[in-house]
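What follows is one structure encoded as structure tokens, with my remarks underneath.
Rule-based calculations on the coordinates, nothing more; no lab input. Everything numeric in this text was worked out from a predicted model, so none of it was measured. Using ideal geometry, Cβ is built from the backbone for each residue, glycine included, and neighbour counts are taken over all protein chains shown.
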Amino acid sequence: MTPPVRRAAVFAALCTLSLAVPLFGPATGATLAAVALLGAFAVTDGPLFELLAYPGDYEDRRLYGLITFVLAGVALGLVAVTASLSVAVFVGTVLLVGYGNLAEQLARSVTDDEAVVVTAFCLAATAAAVAGQTVSLWLTDGVVGTALPSVLFLAASGALLAALLRDVLLLYDDPIVMLSVGVLLWLLAELEPAIGATEIALALAVTVALGFASYALGTASVAGMLTGVLLGLVTIVLGGYGWFVVLIAFFAIGGLSTKFRYDRKEELGVAEDNDGARGSGNVLGNAAVALAAVLGYAASSATLLPGNPDPALFLFAFAGSVSTAMSDTLSSEIGSIFETPRLITTFEPVEPGTDGGVTWQGGLAGLAGAAVVAGISYALFPEVDALGAAIIVAAGFAGMIVDSLLGATLEGSLLGNQGVNFLATLSGALICALLVLSFAILG
């Protein structure tokens, strides 16, 4: 057994102590945490230090990794005791991180394949979170069956977020991962899924299969795959399969457009890095607003938002943001192969790949992309009539223009590419929702 595996096994065992909270109460849990902290401060050398120390702990001869890990668990436990975070979610989160890490270290001891390592983490983390929540619910409420859909949804969502954060952060940032996952699950727990456990399992299988396909085809990195699967799962569970079809259409068509005449793009110096594989930043930059719209839709449907806004507004905001992302992606990926782009602010010829450079071919491709999203929305959502579809096209095209204007004026000085994508999709979402609201008022 390698040192990282042994250390991960000890940390997983410490995570299991979180079950003391539902078993014996918060006071016992706090006592165990205090003992662990005192022990971490006291141990500065010897076999136990060697067992528990992360590489960064050796310089000061202090188990800072263990100390911050326990403190993160204590902070999350305090939220569970004093606020609306349930004890079951607290325990599930702690076990998720501990046992997911153990499975990851075991996998790393036998393979260097990142996809296999991530899969091991997600499977073990999901199983541990389901077990932790289930045991906690049984100990505190005595009722588990009706909560199973929520338990499975939270476990899978937390595992995916944890795997994503561990990919983009350091492997030793588990305290940050734990707190981040706990906050997300706290939010998602307020938005109970509208589908059953079987449907959630099916949704997870569908999103994982599509995510792996994107990774295998080279259109997404490991981090991009994890981000896409998480977004897809949340979209299906809180929105529905119609919402997911709209989102996956963007990822599929956008990913393929990145590969379109890729050799030519490399010659012009405008090709995406990593052979066109989209990373987590690119995925989030284009889909963060869409995810917020899904969460807003679920919250408004559950009457959790002040003023009780119409859930349909969030649907149109979602469609407007995805329409913008599709329009902008097709515009840049198809328009970039033409050698005479013009700067959108002055219409002067610029080099291919210049931020804010546009071509009429790219504009037509962007308009077609917005029309695709509008057509899918019209076919799948009763709320979207012919006028609504036209608004989605207009919002997507307008968002694409905003993206080009931001690229020509602010990108590189105040904004990065992902920031521009975020603001453009936000503008598309707002334009779409406001136009729908205006026509509803006038009508």
Derived scalar couplings ³J(HN,Hα) [the range 119-128; Karplus, 6.51 cos²θ - 1.76 cosθ + 1.60; whole Hz; x for Gly, Pro]: 4, 4, 4, 5, 5, 5, 5, 5, 4, 5
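Report, in debye and to the nearest 20, how large the dipole of the range 1-190 comes out about its Cα centre when Lys and Arg carry +1 and Asp and Glu carry -1 on their Cβ. Could the numbers behind the result be given before it?
On the way: 6 positive and 14 negative charges, 76 e Å.
That gives the range 1-190 a dipole magnitude of about 360 debye.
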What is the extension gain from Thr354 to Ser413, computed as 0.36 nm multiplied by their sequence separation minus the C-alpha to C-alpha distance, in nm to one decimal? 19.9 nm
Taking every pair of alpha-carbon atoms in the chain, give the share separated by more than 40 Å as a whole percent. 26
Between helix 311-335 and the chain: long-axis angle, C-alpha atoms, 0 to 90°, nearest 10: 70
Using unit Cβ charges (K, R positive; D, E negative) and no other charged atoms, how large, in debye to the nearest 20, is the dipole of the chain about its Cα centre? 700
Given backbone amide H placed at 1.01 Å from N, residues whose amide H is under 5 Å from that of Leu343, ignoring those fewer than 5 places away on the same chain, are Glu348, Val350, Val358
Phi angles of the range 6-17, converted by Karplus (6.51 cos²θ - 1.76 cosθ + 1.60, θ = phi - 60°) into ³J(HN,Hα) in whole Hz with x for Gly and Pro, give 4, 5, 5, 5, 5, 5, 5, 5, 5, 4, 4, 5
List the chymotrypsin sites (Phe, Trp or Tyr not before Pro) within the range 314-355 that fall in a DSSP loop (any state other than H, G, I, E or B) and whose Cβ has at most 16 other Cβ atoms within 10 Å. Phe338, Phe347
I need the shape label for the range 1-190. Rule: rounded when a/c is under 1.5, else prolate if a/b > b/c, else oblate, with a, b, c from the alpha carbon gyration tensor. oblate
Let's see if you can work this out: charge +1 on each Lys and Arg Cβ, -1 on each Asp and Glu Cβ, no other charges. What is the dipole magnitude of the range 281-371 about its Cα centre, in debye to the nearest 20? 280
Can you compute 3J(HN,Hα) from phi for each residue in the range 414-419, using the Karplus curve 6.51 cos²θ - 1.76 cosθ + 1.60 with θ = phi - 60°, rounded to whole Hz and x for Gly and Pro? 10, 10, x, 4, 5, x
Report, please, the projected area of the range 199-443 averaged over directions, based on the convex hull of its C-alpha atoms, in nm². 13.4
